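Peer 1: After the structure tokens below, expect a handful of questions from me.
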Amino acid sequence: PFFAAALVQLDLGNRTLRFGPPGSFTPAGERVALDVDRELPEALVRLNGRVDVPFLVDTGNSGAVLVYHPFAQRHPELIVATGSTAGTYGIGGFNRSYGARIAGVALGRVQLGSRDVDVILANEGAFADRIDAGNLGLGVLRDFVMTFDLTGGALYLQDSRTATTS
């Protein structure tokens, strides 16, 4: 609740966290709409240039992209398996997964390119959400200075290589 009522800026490259009340600073970068109705930051992600699906924006995930099994089952044309079954560990414990690739991933107008993903094979629990297709973690997000404005329903992404923050 504390951070949800504030502007929160994460600059992992410079190891800084800045926060303040809405309007206390102006976010820089590309604005990406967030849906926070379920009290989770969800953004529409475009896959392969044609399908917009909701993903959680998950700064607590050190991986890049996780895809949930229900979504992968409904859309096998979007996800190309590349690896054998393995395991993924998280705060919720161990989940079986397999390696795959998505040809194109975009968050708003920010092109993230072709991405290796882990498809989580859970059919129940947090990684089997029937609404979200998966989550975007720090493996993708660390390339940006991220400013969360949850009260305004937005995430701002600024390329960390060209960002200037004050």
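Peer 1: Assigning unit charges at the beta carbon (Lys, Arg +1; Asp, Glu -1) and nothing else, what dipole magnitude in debye, to the nearest 20, does the chain show about its Cα centre? List each step's numbers first, then the result.
Peer 2: Values: 14 positive and 17 negative charges, 69 e Å.
I would put it at about 340 debye.
Peer 1: Report, in whole Å, the centroid distance computed from the Cα atoms of the stretch 46-66 and the stretch 96-166.
Peer 2: Going from one Cα centre to the other spans 4 Å.
Peer 1: Of Asp159, Asp143, which has the most accessible area with a 1.4 Å probe, and how do the rest follow in descending order?
Peer 2: Largest to smallest exposure gives the sequence Asp143, Asp159.
Peer 1: Let me ask you something else. Equivalent-ellipsoid semi-axes (√(5λ), Cα gyration tensor) for the stretch 76-140, whole Å, largest first?
Peer 2: Listed largest to smallest, the semi-axes of the stretch 76-140 are 20, 14, 12 Å.
Peer 1: Add +1 for every Lys or Arg and -1 for every Asp or Glu among the other residues with Cβ under 13 Å from the Cβ of Gly83, and state the total.
Peer 2: Taking every Cβ under 13 Å from that of Gly83, the sum is 0.
Peer 1: What is the calculated FRET efficiency for Ser84 to Ala163, with r their C-beta to C-beta distance and R₀ = 35 Å, to the nearest 0.05?
Peer 2: 0.35
Peer 1: Over the Cα atoms of the chain, what Rg and Dmax result, in angstrom?
Peer 2: Reported Rg and Dmax, both Å: 15.9, 48.
Peer 1: Moving on. Applying 1/(1 + (r/R0)^6) with R0 = 22 Å to the Cβ-Cβ distance of Glu39 and Val110, what FRET efficiency is obtained, to the nearest 0.05?
Peer 2: 0.35
Peer 1: With a sphere of radius 13 Å drawn around the Cβ of His69, what net charge do the other residues whose Cβ falls strictly inside it have (Lys, Arg +1; Asp, Glu -1)?
Peer 2: -1
Peer 1: Roughly how many nanometres apart are two label points built 7 Å out from the Cα toward the Cβ at Ala103 and Val51?
Peer 2: 1.2
Peer 1: Taking K and R as +1 and D and E as -1, what net charge do the other residues with C-beta under 11 Å from the C-beta of Asp132 add up to? List each step's numbers first, then the result.
Peer 2: On the way: positive: Arg38, Arg130; negative: Asp35, Glu42, Asp58, Asp129.
Local net charge: -2.
Peer 1: Under the rule of -39500 (n - 2.57) per DSSP H run of 4 or more residues, summed and divided by the residues of the chain, what mean residue ellipticity at 222 nm is obtained, to the nearest 500 deg cm²/dmol?
Peer 2: For the chain, the value works out to -1000 deg cm²/dmol.
The values are calculated or read from the model by the stated rules, or taken from the named source; none is laboratory data. Everything numeric here is computed off the predicted structure, so don't read it as measured data. Using ideal geometry, Cβ is built from the backbone for each residue, glycine included, and neighbour counts are taken over all protein chains shown. For accessibility, only protein heavy atoms count, side chains too; no ligands or nucleic acids. Shrake-Rupley method; radii C 1.70, N 1.55, O 1.52, S 1.80 Å.
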